[in-house]
Amino acid sequence: MAMQRQLRVLENETAGDGAAALQVAFATSDLKHVDQHFGSAERFAIYRVEAERVTLSQVAEFGSLEKDGNENKLLEKFVLLDGCAAVYSQAIGPSAVRQLLGLGIQPLRVPEGSGITALVTALQHELAAGDTGWISRALERQRRDRQRFDAMEAEGWED
């Protein structure tokens, strides 16, 4: 099913001030808990998480989807998650895991009833303590991307 509704929050001028930040997504039905299977998730909430600050960036609704093994429904979710370092869900199939990892997005499976606030707080503590594991890889990937774009800008544009 195609995305039905999307809310995108514009960042203010202090966003992107150089602090380590990650975009992370949560498969949720109520915007409070991670309670959805990735493939059939009705809604994703995407947050920008820094050690000292959290900002809701986006909410996308897909409506009801069946857990039917139809992988075509995943494409729009992959597009939505572009730029995210991780996606939290209650369950996820092996094919979706492989595809997310190929896109540089870490899939994270959490127990039923996991609260988004608690997960974000834990992520903030990990960022403040020094990045490890998938967080370190995600921040390094962001650093390389910035360097690549800075190098392209330094080359200048010619007509």
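All of the numbers you see were taken from the coordinates with simple rules; none came from a lab. Here the structure is a predicted model, which is why all the values come from computation and not from measurement. Note that each Cβ is placed from the backbone with ideal geometry, even for glycine, and that neighbours are counted across all protein chains shown.
Could you list T28, T121 so that the one with the fewest beta carbons within 10 Å of its beta carbon is first and the one with the most is last?
T121, T28
Annotation note: GluC sites (Glu not before Pro) in region 80-149 located in DSSP loop regions with a Cβ neighbour count of at most 11 within 10 Å are E112. Estimated at 0.36 nm per residue, the fully extended path between D30 and E61 surpasses their Cα-Cα distance by 10.1 nm. The simple Förster model, with R0 at 22 Å and r as the Cβ-Cβ distance, assigns A19 and L103 a FRET efficiency of 0.35.
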